[in-house]
Amino acid sequence: MTDYEQLLLAEGRKWGEHLQVEASGILQAWLDHPLVAAHYHRRSLIDGVPWMHWAAQRFGGPGIASLDLGCGSGGCSRSLYSSGATSRVEGIDISPERIEYAERWRTENGVPGQFRVADVNSCTLPPNSYDLIFSCQSFHHFVALEHIMAQVAVALTPRGLFVLDEFVGPTQFQWSEDQIHLVSGLLRTIPEKFRIYQSNGTLKTWEARPTPQEVEAVSPFEAIRSGDIAPLFARFFDVVMIRALGGTIQHLLFSGIMNNFGPGDGEAERHVRAVMAAEDVLVDRGGLPSDFALLIGMKRRSRG
């Protein structure tokens with residue numbers, strides 16, 4: 001087994017084990033908070049509806065098939081199918097545990113398709129086969145971006161859409177000085193009781209820029225080429241639209257302390273809303289880039 005194969009196997013085990021964390025309901029990441037998730041959802045709407053419903057309207061009914069890259073447990077494919085945007089669901093992921101979960105849902109509900117264990121980085125896709133190819137918060141773990149995007153371009157039908165709901169911020173979390181300073185300033189406006197790290201009980205005063213080695217120690221594929229995603233997307237596809245979803249401040253500020261901002265706590269929710277509002281102003285007025293984005297593209301038309 002090569003070093004790469006060993007790393008891939010470990011990554012699959014990690015995300016398989018993460019199913020237990022997700023089932024616990026504990027607030028871990030910023031998007032686990034209902035207020036934050038709802039705000040993120042609102043920023044992603046197209047003509048007032050989620051992209052899945054928008055795609056169904058664009059197609060005039062279900063697409064012929066969809067493919068979820070890094071499908072995990074199949075949650076996004078479930079939503080896509082229930083929205084009426086696809087007639088058949090397919091997905092690829094490296095975690096056998098998550099694929100088993102996704103396949104169990106699919107077969108129990110009689111949904112056409114297949115979820116399978118495979119490495120997206122080396123996938124070969126059938127030409128003109130999918131009206132929708134998408135990835136939700138998985139694409140930033142992929143290494144062979146050029147290969148994958150070239151395969152997607154081949155596999156899309158002429159009317160097909162490639163959709164990424166994705167982290168497109170700094171590769172391996174090499175935060176900008178602006179991000180670090182803004183997060184430190186905003187943290188000072190939040191009472192200390194909300195800034196206690198869940199892991200060790202110490203007080204959070206800033207979010208440091210990790211070294212690439214520190215990121216790799218947690219996951220060798222975490223944000224491995226995230227900064228390349230948006231430029232490559234524009235190179236390989238005709239861009240239909242882009243939605244800036246934020247996260248440039250929230251992702252950092254709430255890291256390690258999100259559990260303190262429990263839903264239903266009025267004081268905690270006021271601070272959550274204040275952080276979201278500050279980020280909105282900075283992102284929407286061009287003061288900060290958006291680290292998370294909804295990208296929608298189509299096959300490149302021939303340039304005549």
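The values are calculated or read from the model by the stated rules, or taken from the named source; none is laboratory data. Keep in mind that this is a model prediction, so the values were computed, not measured. All Cβ positions, even for glycine, are placed from backbone atoms using ideal geometry, and neighbour counts span all protein chains on display. Only protein heavy atoms, including side chains, enter the accessible area calculation; ligands, DNA and RNA are left aside. Shrake-Rupley method; radii C 1.70, N 1.55, O 1.52, S 1.80 Å.
Take the conditions surrounded by fewer than 19 Cβ atoms within 10 Å (Cβ to Cβ), in contact with a Ser or Thr (Cβ under 8 Å, 6 or more places away or on another chain) and assigned to a loop (DSSP other than H, G, I, E, B) and apply them to PRO289. Does it pass?
Considered against the rule, which asks whether it is surrounded by fewer than 19 Cβ atoms within 10 Å (Cβ to Cβ), in contact with a Ser or Thr (Cβ under 8 Å, 6 or more places away or on another chain) and assigned to a loop (DSSP other than H, G, I, E, B), PRO289 comes out as yes.
Hey, can you tell me all the residues within region 43-63 that are in a helix (DSSP H, G or I) and in contact (Cβ under 8 Å) with a residue 40 or more places away in the chain?
ARG43, TRP51, ALA55, ARG58, PHE59
Quick check: anything in region 253-265 out of contact with any Leu (no Cβ under 8 Å at 6 or more places or on another chain) and closer than 24 Å to LEU164 by Cα?
yes
Among what's in region 18-30 and is in a helix (DSSP H, G or I) and touching a residue at least 60 places away in the same chain (Cβ under 8 Å), pick the residue that is surrounded by the most Cβ atoms within 10 Å (Cβ to Cβ).
Residue satisfying both the conditions and the ranking: TRP30.
For region 62-87, what are the residues that are open to solvent by 50 Å² or more (accessible area, probe 1.4 Å) and touching a Lys or Arg at 6+ places or on another chain (Cβ under 8 Å)?
Within region 62-87, just ILE64 meets the criteria.
Taking region 88-121 as the search range and keeping residues that are closer than 21 Å to ASP165 by Cα and of a type in the set (S, T, N, Q), which one is surrounded by the fewest Cβ atoms within 10 Å (Cβ to Cβ)?
Applying the filter and picking the extreme gives ASN121.
Which one of these is touching a residue at least 24 places away in the same chain (Cβ under 8 Å), in a loop (DSSP other than H, G, I, E, B) and under 25 Å from LEU295 (Cβ atoms): ILE224, ILE229?
When all the criteria are applied, what remains is ILE224.
Would you say TYR40 is of a type outside the set (Gly, Ala, Ser), assigned to a helix (DSSP H, G or I) and either at pLDDT below 95 or surrounded by fewer than 18 Cβ atoms within 10 Å (Cβ to Cβ) (or both)?
So TYR40 fails the test.
Look through region 232-253, keep the residues that are in contact with a helix residue (DSSP H, G or I) (Cβ under 7 Å, 6 or more places away or on another chain), open to solvent by 10 Å² or more (accessible area, probe 1.4 Å) and not in a strand (DSSP E or B), and return whichever of them is farthest from MET298 (Cα to Cα).
If we take residues in region 232-253 being in contact with a helix residue (DSSP H, G or I) (Cβ under 7 Å, 6 or more places away or on another chain), open to solvent by 10 Å² or more (accessible area, probe 1.4 Å) and not in a strand (DSSP E or B), then HIS251 is farthest from MET298 (Cα to Cα).
Kindly indicate whether any position in region 154-172 is over 30 Å from ALA55 (Cβ atoms), outside any helix (DSSP H, G or I) and either open to solvent by 10 Å² or more (accessible area, probe 1.4 Å) or of a type in the set (Asp, Glu) (or both).
Checked against the condition, which is being over 30 Å from ALA55 (Cβ atoms), outside any helix (DSSP H, G or I) and either open to solvent by 10 Å² or more (accessible area, probe 1.4 Å) or of a type in the set (Asp, Glu) (or both), region 154-172 yields no hits at all.
A quick yes/no check of all residues on (1) closer than 20 Å to GLU222 by Cβ; (2) of a type outside the set (A, V, I, L, M):
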site: ARG116; (1), (2): no, yes
site: VAL120; (1), (2): yes, no
site: HIS140; (1), (2): yes, yes
site: ALA144; (1), (2): yes, no
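Which members of region 263-282 meet the condition of being open to solvent by 20 Å² or more (accessible area, probe 1.4 Å) and either among the β-branched types (Val, Ile, Thr) or assigned to a loop (DSSP other than H, G, I, E, B) (or both)?
Scanning region 263-282 gives PRO263, GLY264, ASP265, VAL281.
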